[in-house]
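Taking it in order: structure first as structure tokens, then the write-up.
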Amino acid sequence: MLAAAGCHAQGPSAAGEKLSPDLARRVEILIRTRANVPPYYDVTIGPREKSDIPGYDQVTVFFSAEGKTSKPMNFLVSKDGKTMAQFNKFDISADPRTMVSDEGRPARGGPPNAPVVIVGFDDLECPFCAKMHAQLFPALTMRYKDQVRIVYRDFPLTEIHPWAMHGAIDVNCLAAQSPEGYWNAVDYIHAHAGEMGGTEKTQARANENLDNLVREEGKRQKVNEATLNACIAKQDDSAVRASMAMGTKLNVNATPALFVNGELFEGALPIEYLYRMIDNALVAAGKTPPPPVPLPSANEAPSNESGQSADHKPGE
């Protein structure tokens, strides 16, 4: 709350009424002082408008300098002109879990009605994603079992990872027919991302290896090979672009980024913080979190859901 003592009381205001010069000056001085606004900025104060707060009207303030104008800022001014405040109102009626959809994506862990859903924005060429994929998710499924459901959405950083988009399209072609095959391919690609480009380290070789890898996994999963091959050849990136747009709308700008029932977890943070976030989500859902489990050793080869080493070809 920002308070300012006024010298002249005012009666009830009317919507659209301009502030008196005296009151406008007091408002401007308060804003300049509190926000340390430089003198070369012009401060424009709009007329009184109806607010949701009893006894207060709303005024909109703009800052401008060198031909540029700021976004509007809203303040509250009391009917009697003696008090000024700033108030932010947020809608929390929606379930945060619904903000990040897992619809239509292959899942690991718990069933569709699992109390906690983790949506990860992933880049198959990202080394940090690979590390998280190898160490984090096995630890989560070990501790939480079917209480946690995990899905990936695509967020290839195409500016720095040249084959990440191609990889995302390929594994999604496989996901359309075999969720198990999708995860097998993702496991392998993350574990061997550094080898995708071959000895020559080229994008063309990486794309070729990705195509072959996904085709081989498709055969193991007995999918319709003609459909899979047609999808790989088409390289339709529209679904991946839509996933990227969703991530951008959710303020994702780096990978990996996880949403735990809608709450963002990103960066190289200790797993204890993620456990705490999941535990809180379970409590909010009326569930009891399981007891902690030992963290996987940094030198221990991470395992996938079936207990296999991550260092294997999909389907082996």
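Derivation of every value follows stated rules applied to the coordinates shown; laboratory data play no part. Please read all numbers here as calculations on a predicted model, not as lab measurements. For neighbour counting, all protein chains shown are included, and Cβ atoms are generated from backbone atoms with ideal geometry for every residue, glycine included.
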Could you check which residue among I278, I45, I150 shows the biggest mean-square fluctuation in a GNM of the chain with a 10 Å Cα cutoff? I45
Excluding residues fewer than 8 positions from K131 in its own chain, the aspartates and glutamates with Cα under 14 Å of it are D122, D123, D187, E266, E300, D311
Positive minus negative residues near P290 (Lys, Arg vs Asp, Glu; Cβ under 12 Å): +1
Per-bin percent of Cα-Cα distances, the range 96-284 [10 Å]: 9, 37, 37, 15, 2, 0
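Could the peptides 114-124, 46-56, 63-73 be put in order, highest first, of the mean number of other beta-carbon atoms found within 10 Å of their residues? Mind showing how you got there, number by number?
Numbers: 114-124: 25.0, 46-56: 14.2, 63-73: 10.5.
Ranked from most to least packed, the peptides come out as 114-124, 46-56, 63-73.
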Which one of D237, D57, D170 has the biggest mean-square fluctuation once the chain is modelled by GNM with Cα springs under 10 Å? D57
If you build a Gaussian network model of the chain, linking Cα atoms that sit under 10 Å apart, which residue out of R25, R205, R220 swings the most? R25
Dividing the helical contributions, -39500 (n - 2.57) per DSSP H run of n ≥ 4, by the residues of the chain yields a 222 nm value, nearest 500 deg cm²/dmol, of -11500 deg cm²/dmol
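Kindly identify the range 21-85 as rounded, prolate or oblate by the Cα gyration tensor criterion: order the square roots of the eigenvalues as a ≥ b ≥ c, call it rounded if a/c is under 1.5, otherwise compare a/b with b/c, prolate if a/b is larger, else oblate.
Values: a/c = 2.36, a/b = 1.67, b/c = 1.41.
Here the range 21-85 falls in the prolate category.
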Report the one residue of P291, V223, M99 whose Cα lies farthest in the direction of the positive end of the charge dipole of the chain (charges on C-beta: Lys and Arg +1, Asp and Glu -1; origin at the Cα centre). M99
Semi-axes, largest first, in whole Å: what does sqrt of 5 times each Cα gyration tensor eigenvalue give for the chain? 53, 24, 17
